Amino acid sequence: MVRSCGFILWLACVPALADPPPTLPATRPMTEGGDLSRQMLDGLHRFVERKLDESVGARAKLWNRDFSSPAAYERSVQANRESFRKIIGVVDPRLPVSMERFGDDDSPALVAEDDAFRAYQVRWRVLEGVHGEGLLLEPKREVRGQVIAIPDADQTPEQVAGLAPGVPPESPFARRFAANGFRVLIPALVSRGIEFSGNPRVAMTNQPHREWIYRQAYQMGRHIIGYEVQKVLAAVDWMKSDPRQRAKVGVAGYGEGGLIALYAAALDPRIDAALVSGYFGPRERVWTEPIYRNLWGLLQEFGDAELASLMAPRGLVVEASRAPRVDGPPSVPKGRRGGAAVGTLDTPAPSDVQREWNRLEALVPAGFQSRVLILGDRHKSGAFAGREAVRELARLLGVHSEMKLPEVARLDQRKGFSTDERQRRQVKELEQHVQLLLRGADPTRDAYFLGKTTLLRTLAPRGTRFLMDRVPEQSADVFAREAAPCKTAFFEDVIGRIDNPVLAPNPRSRPIYDAPKWVGYEVLLDVYPDVFAWGVLLVPKDIKKGERRPVVVCQHGRNSLPKDVIEGDRPGYHDFAARLAERGFITFAPHNPYRGEDRYRMLNRKGNPLKLSLFSFIAAQHQQILVWLASLPFVDRGRIAFYGLSYGGETAVRIPTLLNGYCLSICSGDFNDWARKVASTDSDYSFMYTVEWEMPYFNMGSTFNYAELAYLMVPRPFMVERGHHDGVAPDEWVASEYAKVRWVYDNLGLADRTAIEFFNGGHTIHGQGTFAFLHRHLNWPAPQDR
């Protein structure tokens, strides 16, 4: 019989446990009470919010601007520009330029015409299978300048061209440019609607189109923002392709279009000037915005001021107009699945816009860059891209004009034209591009893995798989050594490494369990200011003085607690930490902070702009746990194993991979084709159809799947526990991914160090083959062998 205290009342119950020593060796009495899982999350949020605030001042070390000449400046910021290119996923080569005016009898290519310009419906090639689409406004007189006019995501090209209602009277800014002699291209953006977010054969969702593309693209190292920047840059390719056309090129955008305009101009020096309306401001709270604005590592190096500095010495106009409003995720219509991420948009205060502008002034001398900030009262009126802002951009492009807007606008003459159908094409083209990346990811990951190492001596790519050459007996150690750069890359580029100095553990403990064969102590360890590790250590009573035993770290899954793996025979866990302690293992049940649904997801969201994830914090906590466990006089520091279920199984293929203090890892109820699990749109197993919007990790699908992570365990033992009826993934995803792991272990002479156990059950600890695996590889006799 296990004597234990209720979870919240553990501290109050401690006096009833008289038998165990009051603390573990070299620990102080633990006095902290209350809901420690909530306190852990609260502290982690405070920690990351401080880092967000500190990011502004920390960026300077990543820049070395040289203002001695425009050419010198370009060279000095080139590395920053390339870093930004990767952050937004602009990594695919664009196709040769091609601008097509298209139409049919009902929807002719010529959409409208007036005395100043003709409007055509057009599309242009961007990437394989991806086109930009929108309107081209061609002036009837000589072209004075060229502008890519980018509407907000919830506006159409027709609205900003003055061909359809829906914007304030003075805000059809594309038409204003065209009426004054500018060639204007207006791309349609992916909208915030939900009509095409999903797969009718699987489910339709309430995710905005931008989130639907973001979730799948982020995992593959692309981004909805990057795709739309690519469309703008392809348009620049076209505008610059005619050597006879010497008119300058500008970009102008509102709302989401303002974001795209700023990002495109920061990335491409061929853009001569930019107008950004309804977007510019501080980004330290980007985590409150819709998730499709989430960018991995952005704030380490860039805020809006830094991006504007990439434009120098080219010109910039910022208009502080009212931003588009988003009040949260869309409601869930009948017949659709919920799960869209939280996030809102509102208009920044003029003082916030001014503050970010002042940072730009401090970064780039006024004489080096021509720039204009227009505050006024547009944040109140709702108008955007007004006459003053358009006139200033025209001036920066060498055109001096009052930029008047004609009073009468031509209406769209097309019959039966559907903006919804155009939107469907835009969404589905991007979805298909990502899904092609996903289906071709195996050779991409092979090339990445081999490119990071000199493993050609051990692994040779042939076709789309690894083939093993003959290798010497010590090849497992060679493999592990040469795979070290991949481990570093996974930690720093996919998971994110916290660079703060770690505190001394300052361990505290108190007894909370007294079973016939073991005692249990609650343990608290300091990690960073406001950040602690917490768990329960079970110690067998028969440990002899001077004896050192193996430890199994038993990790719970989502929304669970340490006690769930110890008591109550809870579904899934079946007290596996206690059962292992009864077999003579020391066990430790740590708390991982994935409890509280959107509360922990927002921790991940806050970390992403700092190049941190939920597992950045978990890795730091587990490193401190390993240091403390190794210090205990009855622990064999060379025999500390990891065994986790569900989110704990997800931890099992990440944390032991990174932390060499774990000598073995067992993944239960999670191992599968992870890239497919996160990003596929053709399977009901995919996270694309669930609330787990924190699951995409930037570029993980193109660099590391679960097989590659298991490679990084070599030469340490690795095992998978799989129930046939586990709803995480089908057996074939699990088996095919594990086959790659088995191949590597077998060919390195490590066949006895890896295993998979299939059993007739569900999402649960089975505790048969895995227990035997632990006994064998931790060199601890099974009960029947004692």
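The values are calculated or read from the model by the stated rules, or taken from the named source; none is laboratory data. As the structure is a prediction and not an experimental result, all values here were calculated from the model. Cβ atoms come from the backbone with ideal geometry, glycine included; neighbour counts cover every protein chain shown. Please note that ligands, DNA and RNA were not included when accessible areas were found on the heavy atoms of the full protein model with its side chains. Shrake-Rupley method; radii C 1.70, N 1.55, O 1.52, S 1.80 Å.
Assuming a viscosity of 1.567 mPa s and a temperature of 4 °C, what translational diffusion coefficient in µm² per second does Stokes-Einstein assign to segment 557-703, Rh being the Kirkwood radius over Cα pairs?
Numbers: Rh = 16.5 Å.
Translational D for this selection: 78 µm²/s.
Output needed for segment 76-143: three equivalent-ellipsoid semi-axes, defined as square roots of 5 times the C-alpha gyration tensor eigenvalues, in descending order, whole Å.
On the way: eigenvalues 219, 58, 15 Å².
They are 33, 17, 9 Å, listed largest first.
Can you list residues from other chains, or at least 5 along the same chain, whose modelled amide H is less than 5 Å from the amide H of Phe196?
For Phe196, no residues qualify.
Using Stokes-Einstein with the Kirkwood hydrodynamic radius over Cα pairs, what translational diffusion coefficient do you get for segment 657-786 at 20 °C and a viscosity of 1.002 mPa s, in µm²/s rounded to a whole number?
Values: Rh = 15.7 Å.
D, rounded to a whole number, is 136 µm²/s.
Hey, can you grab everything whose amide H is under 5 Å from the amide H of Tyr573? Only 5+ residues off in sequence or another chain; H modelled, so Pro and N-termini drop out.
Correct list: Ile765.
Taking each pair of distinct Cα atoms in segment 147-259 once, what is the resulting Kirkwood hydrodynamic radius in Å?
Numbers: mean 1/r = 0.0647 Å⁻¹.
For segment 147-259, inverting the mean 1/r across all distinct Cα pairs yields 15.5 Å.
Whole percent per 5 Å bin, from 0 to the bin with the longest distance: what is P(r) over all C-alpha pairs of segment 466-586?
Bins of 5 Å from zero give 2, 9, 12, 13, 14, 13, 14, 12, 8, 3, 1 percent of pairs.
For segment 138-199, report the convex hull volume of the alpha-carbon atoms normalised per residue, in Å³, without decimals.
Values: hull volume 5.4 nm³, N = 62.
It comes to 87 Å³ per residue, whole-number rounded.
Could you work out the helix-only [θ] at 222 nm for the chain, with each DSSP H run of four or more residues adding -39,500 (n - 2.57) and the total divided by the number of residues, to the nearest 500 deg cm²/dmol?
Values: 26 runs with 266 residues, N = 786.
Mean residue ellipticity at 222 nm (helix-derived): -10000 deg cm²/dmol.
How much of the accessible area of segment 64-195, in percent, comes from carbon and sulfur atoms when a 1.4 Å probe is used?
Numbers: 2400 of 5040 Å².
Whole-percent figure for carbon plus sulfur exposure: 48.
How much length is gained on full extension from Arg776 to Leu110, taking 0.36 nm per residue of separation minus their Cα-Cα distance?
Details: separation 666, 0.36 × 666 = 239.76 nm, distance 7.57 nm.
Here the answer is 232.2 nm.
Tell me which aspartates and glutamates have Cα within less than 20 Å of Lys140's Cα, excluding those fewer than 8 residues away on the same chain?
By straight Cα distance, Lys140 reaches Glu100, Glu113, Asp114, Asp115, Glu158, Asp242, Glu402, Glu407, Asp412.
Take every Cα-Cα pair in segment 724-786 and report what % of them are more than 21 Å apart.
On the way: 731 of 1953 pairs.
Within segment 724-786, distances greater than 21 Å cover 37 percent of Cα pairs.
Using each residue's phi in segment 499-507, evaluate 6.51 cos²θ - 1.76 cosθ + 1.60 at θ = phi - 60° and report the 3J(HN,Hα) Karplus result to the nearest Hz, with x for Gly and Pro.
Once θ is set to phi - 60°, the couplings for segment 499-507 become 9, 5, x, 7, 6, 4, x, 6, x Hz.
Using θ = phi - 60° and the Karplus relation 6.51 cos²θ - 1.76 cosθ + 1.60, list the HN-Hα couplings for segment 577-591 in order, rounded to whole Hz, with x at every Gly or Pro.
5, 5, 5, 5, 5, 5, 8, x, 6, 6, 10, 10, 10, x, 9
If the viscosity is 1.567 mPa s and the temperature 4 °C, what Stokes-Einstein diffusion coefficient in µm²/s follows for segment 249-408 when Rh is the Kirkwood radius over Cα pairs?
Working: Rh = 16.5 Å.
For these conditions, the coefficient is 78 µm²/s.
In the chain, what percentage of the DSSP-assigned beta bridges are antiparallel, given to the nearest 5? Show your work: numbers first, answer last.
Details: 49 of 99 bridges.
Of the beta bridges lying entirely in the chain, close to 50 percent run antiparallel.
Given R₀ = 25 Å, FRET efficiency for Arg75-Ala484 by Cβ-Cβ distance, to 0.05? It would help to have the intermediate numbers written out before the result.
Working: r = 33 Å, r/R0 = 1.32.
With a Förster radius of 25 Å, E is 0.15.
Counting every Cα pair in segment 309-391, what percent are over 16 Å apart? Provide the component values of the computation, followed by the final result.
Numbers: 2161 of 3403 pairs.
Everything past 16 Å amounts to 64 percent.
If you fit an axis through the alpha-carbon atoms of helix 419-439 and take the longest principal axis of the Cα set of the chain, what angle between them do you get, 0 to 90°, nearest 10?
Around 40 degrees separate the two axes.
Going by the alpha-carbon gyration tensor, a ≥ b ≥ c the square roots of its eigenvalues, is segment 47-160 rounded (a/c under 1.5) or, if a/c is not under 1.5, prolate (a/b greater than b/c) versus oblate?
On the way: a/c = 2.42, a/b = 2.06, b/c = 1.17.
Prolate, because a/c is 1.5 or more and a/b exceeds b/c.
Using modelled backbone amide H atoms (1.01 Å from N, in-plane), which distant-in-sequence or interchain residues come within less than 5 Å of Thr587's amide H?
Leu538, Val552
Give me the accessible area per residue for the chain, probe 1.4 Å, as a whole number in Å².
Per-residue value: 36 Å².
Starting from the Cα gyration tensor of segment 538-622, take the square roots of the eigenvalues, sort them a ≥ b ≥ c, and report rounded, prolate or oblate (rounded when a/c is under 1.5, otherwise prolate if a/b is larger than b/c, else oblate). Before the final figure, lay out the partial values.
Working: a/c = 4.58, a/b = 1.86, b/c = 2.47.
It is oblate, given that a/c is not under 1.5 and a/b is not larger than b/c.
Which number do you get for Rg(Cα) / (2.2 N^0.38 Å) in segment 310-357?
Details: Rg = 17.1 Å, N = 48, 2.2 N^0.38 = 9.6 Å.
The value comes to 1.78.
Work out from phi, with θ = phi - 60° and the Karplus expression 6.51 cos²θ - 1.76 cosθ + 1.60, the ³J(HN,Hα) of each residue of segment 567-573, listed in order in whole Hz, and give x for Gly and Pro.
9, x, 6, 5, x, x, 9
Could you work out the pair-distance distribution P(r) of segment 511-559 from its alpha-carbon pairs, with 5 angstrom bin width and percents rounded to whole numbers?
Calculated over all Cα pairs of segment 511-559, the distribution is 5, 16, 18, 24, 19, 10, 6, 2 percent.
Using 0.36 nm per residue, how much length does the chain from Thr288 to Arg599 gain when fully extended, once their Cα-Cα distance is taken away? All intermediate terms of the calculation are to be shown ahead of the outcome.
On the way: separation 311, 0.36 × 311 = 111.96 nm, distance 1.25 nm.
Working it through step by step, the gained length comes to 110.7 nm.
Treating segment 605-689 as a set of equal point scatterers at the Cα positions, no solvent, please give the Debye-formula log₁₀ I(q)/I(0) at q = 0.20 Å⁻¹.
Debye output, listed in q order: -0.99.
To two decimal places, what compactness ratio does the chain give when its Cα radius of gyration is scaled by 2.2 N^0.38 Å? Could the numbers behind the result be given before it?
Numbers: Rg = 29.3 Å, N = 786, 2.2 N^0.38 = 27.7 Å.
In units of the globular-protein estimate, the chain measures up at 1.06.
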